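Single-structure report; data block below.
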Number of protein chains: 2
Amino acid sequence: MNRPTSPVETVIAAARGFLGDRLSTNASIREQHSKGEDANPPVLPDAVAFVENTEEVSKLLALCNAHGVPVTPFGAGTSLEGHVVPVRRGISLDLSRMNAVLEVNAEDMDCLIEPGVTRHQLNDYLRDQGLFFPVDPGAHCTIGGMVATRASGTNAVRYGTMREATLGLEVVLADGRVIRTGGRTRKSANGYDLTRLFVGSEGTLGVVTKIRLRLHGIPEATSAAVCQFDSLEAAVETTIMVMQAGIPVARIELADEDQMRASIAYSKLDFAPLPTLFLEFHGSPAGVQEQATAVEAIATEMGGRGFAWAEDAEARGRLWKARHDAWWAANALYPGCRGITTDVCVPISRLAEAIIGAKQDAVAAGQNTCIVGHVGDGNFHVVILFPEGDPTGLERAWDLDRAIVARGLALGGTCSGEHGIGLGKRQFLAQEHGPEVLEVMRDLKATLDPKGILNPGKLFPD
Amino acid sequence: MNRPTSPVETVIAAARGFLGDRLSTNASIREQHSKGEDANPPVLPDAVAFVENTEEVSKLLALCNAHGVPVTPFGAGTSLEGHVVPVRRGISLDLSRMNAVLEVNAEDMDCLIEPGVTRHQLNDYLRDQGLFFPVDPGAHCTIGGMVATRASGTNAVRYGTMREATLGLEVVLADGRVIRTGGRTRKSANGYDLTRLFVGSEGTLGVVTKIRLRLHGIPEATSAAVCQFDSLEAAVETTIMVMQAGIPVARIELADEDQMRASIAYSKLDFAPLPTLFLEFHGSPAGVQEQATAVEAIATEMGGRGFAWAEDAEARGRLWKARHDAWWAANALYPGCRGITTDVCVPISRLAEAIIGAKQDAVAAGQNTCIVGHVGDGNFHVVILFPEGDPTGLERAWDLDRAIVARGLALGGTCSGEHGIGLGKRQFLAQEHGPEVLEVMRDLKATLDPKGILNPGKLFPD
């Protein structure tokens, strides 16, 4: 028997002892765990660990910590910012097999799940109980990944993000200790808010192994509407007016004319390629009607036309599937091209400046783009398309990304509304927070992960 | 000139250099800063610093940190858990003069304030702009104190607590560094959630010097209702059914028959001394009507009677003032008595067990109590009255408090829904979170305040 010659070989040999074949060094499995959906260069992990319970995560982390071997958590691999790329190699920790729904408390509207549960899986499970989980990024992602990136989606304008949705966590710390944060109550004032510290920490402070979520009752009535505009300005200004009027829309989503072209082709939508708002209203039948009437009045005033209704669940389902497929539609628009995406979020009053400015920058740079936005939250994505495999094209795409983020920051916004920092947005973090805040974040990281084994190379600038 | 002989004397002498008369060692001022509204033994600080800006806070903390002198932040002195008692003496840091509203962005519904602003002051300021700040503890407290304790109040069931209301903070760290957390956007995924780490940290991790808050539009229509029941069970069960039906009540507050007796006497209310629910509905005129009809149907089914309406603003104002004065009313009920209060919060499905059980414990112990509750959140307060100045009476009151908390924890609840831990609830923290979580909290404290000068003796068990 060969004696292991490096720390990672030692870890692999020892982990085989309790994971068996679920610790894999197979080339194609490592390749699958070398990247997410983003354009960062892939990096192969030394091995992939398919864990099945908290104890295994704890043992593996204790082992990696003892030997200083990097661990990069992996869920569905849908990150758009390189979170899952194991830039320092080591172990890719695949949590997708931990996908049990452990508990649903219908009367308190909460549930306890494992991190590999996807949002689709959870909502399928809940439907019979009249409950739903509203946070819905576009991807078919795991809820563990959504906790890690503080994800949101189309419903956040009404129901909040993972920050509001996460009641408590089980977390394995870098050294293998297991802690339980938060609890089942709707509010608490019982010490430091560790739950919120781990939500959005991108796997750099601990590995989440259980998640308690707040759920919501399926609304008595739901209706969706689509409204098209001659100009992007009119669509954005309509959004701002709806939000400022305090109309409690459940969803208000923007697609520009390019995104509409892409989605019409990809999702076979029966709309014109014009700037478009997609809306949804939740409540009592009368309440839904009242909200819709109020929004239609504002939209009509702003020149919106063809306020089209999708009352039945199937039509609404098609509509929102098309919205969730926007990223794929954009990536399919120009043959041989793929996209990177911005994730700027600004105060709602600055949204028109931010979006129109981004569009002008794209036109000036001669770049093909598609814009979609969770505009009720002031968050929008410019998908910048470049010829796949063309490093100059990618560099020009990043240039435009930087320009759009810079304008967003100047307007009082943030570089990331929901995708997280990962690799791709690290360069903006100091500019956005200032060096003192970054120092505090680094101190917290060093406290919880003194050897720096957890998702190293992410979030912090080098 | 005498040479200072102790660290605190050194700090006092140096702080006089930039604070002048605003650094006071006057006996009556020290006495005013020796306690909150709770029954913990007062402790005199060595001096009281009335700071007026961030720079002064920064200089003072740097000085205290250099000399290892304790600093206990003080706002309005309304803590119910001993937060403001300077148990290790040193400096009481009075922030009440930092009470400027610095910025209101009506179109984005946010504002920037100093920590000494009270919630009454802010709402008076906002009213003309059609905005309001919903978080409303009973006391006439400062918003800085509300950040520190993660406070909530009667509107939290609809609008959330300080956790949701706080968008960002300026914080002075123990060594005098000034950081700015969060931002103006409604959501973000831009690194660790430092804002939420400081919210609820009870002045043990830093001193908050600016607060950015999320505001809400004053609803188009508001209506309040009062409904009385023959039994506490019926009132609590009505609450549970209203919440489980998903009716978006803005407020649903409980008072038991003893609290009603107290409030009828203290606030001259025209109701019977029976278990009572106080409700408020916010929305469009039709939406408010719909919510009220739905609640009335449930309440009537549960034997509720006299669904009394308070449509006009003045009548509603009287009602909610009486609710906010409940603590004072309870303290005035028995001559020569004062109260301590529990703050248990449980999952809504366990609320009846928790409240009825608490009442039975009180009866068995022969203790006079009044119960009020933010019952929509599963949070209730048992005010336990004991003869003022009677140590045995106080000890018996604490016994009952412990029994009520123990039941709350056994039901999946927390020892504090909104008052915080301070001195009074420290004993429950390990039981509630487990030793590993407490260890992490202590590590975070040591990272941000390595010399332990910030509000020492609070939150953590000795």
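Would you confirm, using the coordinates I've provided, whether B:A330 is assigned to a helix (DSSP H, G or I), buried (at least 22 other Cβ atoms within 10 Å of the Cβ) and of a type outside the set (K, R)?
Details: assigned to a helix (DSSP H, G or I): yes; buried (at least 22 other Cβ atoms within 10 Å of the Cβ): yes; of a type outside the set (K, R): yes.
Against the criterion (assigned to a helix (DSSP H, G or I), buried (at least 22 other Cβ atoms within 10 Å of the Cβ) and of a type outside the set (K, R)), B:A330 qualifies.
Among what's in segment A:170-204 and is farther than 30 Å from B:L411 by Cα and crowded, with 22+ Cβ neighbours inside 10 Å, pick the residue that is nearest to the other protein chains (Cβ to nearest Cβ). Ranking the qualifying residues of segment A:170-204, first place goes to A:S201. Applying the condition of being among the aliphatic types (A, V, I, L, M) and under 24 Å from the mean Cα position of the chain (by Cα) to segment B:205-221 and asking which residue is farthest from the other protein chains (Cβ to nearest Cβ) yields B:I211. Just to be sure, is A:A329 over 16 Å from A:S223 (Cα atoms) and in contact with a Cys (Cβ under 6 Å, 6 or more places away or on another chain)? For A:A329, the condition - over 16 Å from A:S223 (Cα atoms) and in contact with a Cys (Cβ under 6 Å, 6 or more places away or on another chain) - is not met. Scanning segment B:407-461 for residues that are touching a helix residue (DSSP H, G or I) at 6+ places or on another chain (Cβ under 6 Å), among the small types (G, A, S) and not in a loop (DSSP other than H, G, I, E, B) turns up B:G408, B:A430.
Could you list, in sequence order, the residues of segment B:333-354 that are crowded, with 20+ Cβ neighbours inside 10 Å and part of a strand (DSSP E or B)? B:R338, B:G339, B:I340, B:T341, B:D343, B:C345 - these are the residues of segment B:333-354 that are crowded, with 20+ Cβ neighbours inside 10 Å and part of a strand (DSSP E or B).
Kindly indicate whether B:V405 is within 14 Å of chain A (Cβ to nearest Cβ), closer than 21 Å to B:S79 by Cβ and out of contact with any Asp or Glu (no Cβ under 9 Å at 6 or more places or on another chain).
Numbers: within 14 Å of chain A (Cβ to nearest Cβ): yes; closer than 21 Å to B:S79 by Cβ: yes; out of contact with any Asp or Glu (no Cβ under 9 Å at 6 or more places or on another chain): no.
In short, no.
From the list A:E290, A:E296, pick out the single residue that is over 28 Å from A:A151 (Cα atoms) and touching a residue at least 12 places away in the same chain (Cβ under 8 Å). Being over 28 Å from A:A151 (Cα atoms) and touching a residue at least 12 places away in the same chain (Cβ under 8 Å) holds for just one of A:E290, A:E296, which is A:E296. If the condition is being in contact with an Asp or Glu (Cβ under 9 Å, 6 or more places away or on another chain) and either assigned to a helix (DSSP H, G or I) or free of Cβ contacts under 8 Å to residues at least 24 places away in the same chain (or both), then segment B:244-265 contributes B:Q244, B:G246, B:S263, B:I264. Restricting segment A:357-394 to residues that are more than 14 Å from every other protein chain (Cβ to nearest Cβ), closer than 16 Å to A:R407 by Cα and not β-branched (V, I, T), the residue that is surrounded by the most Cβ atoms within 10 Å (Cβ to Cβ) is A:A358. Candidates A:I421, A:I371: the one that is under 23 Å from A:T204 (Cβ atoms) and of a type in the set (V, I, T) is A:I421. Considering only segment B:414-462, state which residues are closer than 15 Å to B:R88 by Cβ, out of contact with any Pro (no Cβ under 7 Å at 6 or more places or on another chain) and more than 10 Å from chain A (Cβ to nearest Cβ). Within segment B:414-462, B:L423, B:D449, B:K451, B:G452, B:L454, B:G457, B:K458, B:D462 meet the criteria.
Might you let me know whether segment B:338-346 holds any residue that is farther than 26 Å from B:V135 by Cβ, in contact (Cβ under 8 Å) with a residue 24 or more places away in the chain, polar (S, T, N, Q) and touching an Asp or Glu at 6+ places or on another chain (Cβ under 8 Å)? No, because not a single residue in segment B:338-346 is farther than 26 Å from B:V135 by Cβ, in contact (Cβ under 8 Å) with a residue 24 or more places away in the chain, polar (S, T, N, Q) and touching an Asp or Glu at 6+ places or on another chain (Cβ under 8 Å).
Let's see how each residue does on (1) modelled with pLDDT under 95; (2) surrounded by 17 or more Cβ atoms within 10 Å (Cβ to Cβ); (3) among the β-branched types (V, I, T):
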| residue | (1), (2), (3) |
| --- | --- |
| B:R261 | no, yes, no |
| B:A265 | no, no, no |
| B:P275 | no, yes, no |
| B:E280 | no, yes, no |
| B:A286 | yes, no, no |
| B:A292 | yes, yes, no |
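Of the helices (runs of 4 or more DSSP H) contained entirely in segment B:92-166, those carrying at least 3 residues that are more than 25 Å from B:E56 (Cα to Cα) fall at B:119-126, B:156-159, B:162-165. Return the total of residues in segment A:235-283 being among the hydroxyl-bearing types (S, T, Y) and closer than 22 Å to A:E353 by Cβ. Matching residues across segment A:235-283 total 3.
The values are calculated or read from the model by the stated rules, or taken from the named source; none is laboratory data. Values in this document were obtained by computation on a predicted structure and should not be read as measured data. Positions of Cβ are generated from backbone atoms using ideal geometry, with glycine treated the same way; all protein chains shown enter the neighbour counts.
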